[in-house]
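Student: I am attaching a structure below and will ask some questions about it afterwards.
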Amino acid sequence: MERPARAEHPGIDPSLIAWEEVIAPRGGMAFTMRAGQVCRVIDLEGKQVADFICFNLRDYTDKLSPENTQLLNGTLFLRTGHHLFSTKAAPLMTLGTDTCGVHDLISGSCSEYTNAFRYGVRGTPNCLSNFERALRPYGIGLAEIPYSFNIFMNTPVSADGRTAIQEPASKPGDYLDLRANTDLLVAISNCPQERNPCNGWNPTTLGVVVYEVEPTGRGASAP
Ligand SMILES: [Zn+2]
């Protein structure tokens, strides 16, 4: 696939971009971030979910906890200013600019197992396998992979507690910024699901930009 030309990113000074990448449909990636850097996840073509997990870089047992995130923010529906909390109740990341406003904290990741249970299919691309593949170089196996925060996923909860996956509300170019509050290992799966409305029935590309908020090596002096 032809790599798109370097895009303009609203609100980001191009000189502060550490790197940017396009995740192919059904693909995944893992990378490290330093405290203070921001990860922007972009739905390039619209209606595409990014399954997102992170680990404290110095302690992989301290990792994203959707349960603590719900408990300590007091909501199922994360907005700007909410934190992604860890198993040890650390606010690993903070949500910044959000042009979509609809994300999911309760549905976890699609997997070999749920696809077999729900659709009777085996060996299909799935988010859990993407995470396994992306995290293998870091020595993290299936048992250590947490449930995910699902950017752009649309799972409304009715007053009586029922849930149903609907098509994402995200339009082409919608993005969510997540600031790292500590050094992190991050993994993103570009959700391959095409048997329900999760990705509008058509998995497409995601953009990832990691950038600095302030110039490094300048400004405030080191303590
Ligand atoms: Zn998925």
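Read the figures in this text as sums done on the coordinates, not as results from a lab. These numbers were taken from a predicted model, which means no experiment stands behind them. FYI the Cβ positions are ideal-geometry reconstructions off the backbone, even for glycines, and counts take in every protein chain you see.
Student: Considering each residue of region 44-90, count those that are within 16 Å of the ligand (Cβ to nearest atom) and touching a Cys at 6+ places or on another chain (Cβ under 8 Å), and give that number.
Tutor: Total meeting the criteria: 5.
Student: A further question on this structure: Could you tell me which residue of region 63-104 is surrounded by the most Cβ atoms within 10 Å (Cβ to Cβ), considering only residues that are out of contact with any Pro (no Cβ under 8 Å at 6 or more places or on another chain) and basic (Lys, Arg)?
Tutor: Result: LYS88.
Student: While we're looking at this one, here's another question. Only one of (1) over 13 Å from CYS54 (Cβ atoms); (2) more than 16 Å from the ligand (Cβ to nearest atom); (3) in contact with a helix residue (DSSP H, G or I) (Cβ under 9 Å, 6 or more places away or on another chain) fails for ILE140. Which number is that?
Tutor: Failed condition: (1).
Student: For residues that are out of contact with any His (no Cβ under 9 Å at 6 or more places or on another chain) and hydroxyl-bearing (Ser, Thr, Tyr), scanning just region 166-212, find the one that is farthest from the ligand (Cβ to nearest atom).
Tutor: If we take residues in region 166-212 being out of contact with any His (no Cβ under 9 Å at 6 or more places or on another chain) and hydroxyl-bearing (Ser, Thr, Tyr), then THR182 is farthest from the ligand (Cβ to nearest atom).
Student: Then there is this: Can you confirm whether SER107 is surrounded by 16 or more Cβ atoms within 10 Å (Cβ to Cβ), within 13 Å of the ligand (Cβ to nearest atom) and small (Gly, Ala, Ser)?
Tutor: The answer is yes for SER107.
Student: Checking ALA18 against (1) crowded, with 17+ Cβ neighbours inside 10 Å; (2) part of a strand (DSSP E or B); (3) of a type in the set (A, V, I, L, M), which single condition isn't satisfied?
Tutor: With respect to (1) crowded, with 17+ Cβ neighbours inside 10 Å; (2) part of a strand (DSSP E or B); (3) of a type in the set (A, V, I, L, M), ALA18 is out only on (1).
Student: Test ALA116 against the stated conditions and say whether it is more than 12 Å from the ligand (Cβ to nearest atom) and crowded, with 16+ Cβ neighbours inside 10 Å.
Tutor: Taking the combined requirement at face value, the residue does not satisfy it.
Student: So which pairs qualify, if the first residue must be in region 176-192 and touching a residue at least 60 places away in the same chain (Cβ under 8 Å) and at negative phi, the second must be away from the ligand (no atom under 16 Å from the Cβ) and β-branched (Val, Ile, Thr), the Cβ gap must be under 6 Å, and the two must be at least 6 apart or on different chains?
Tutor: Listed pairs, sorted by first residue: ASP177/VAL38; ASP177/THR97; ARG179/VAL38; ARG179/THR94; LEU185/THR32.
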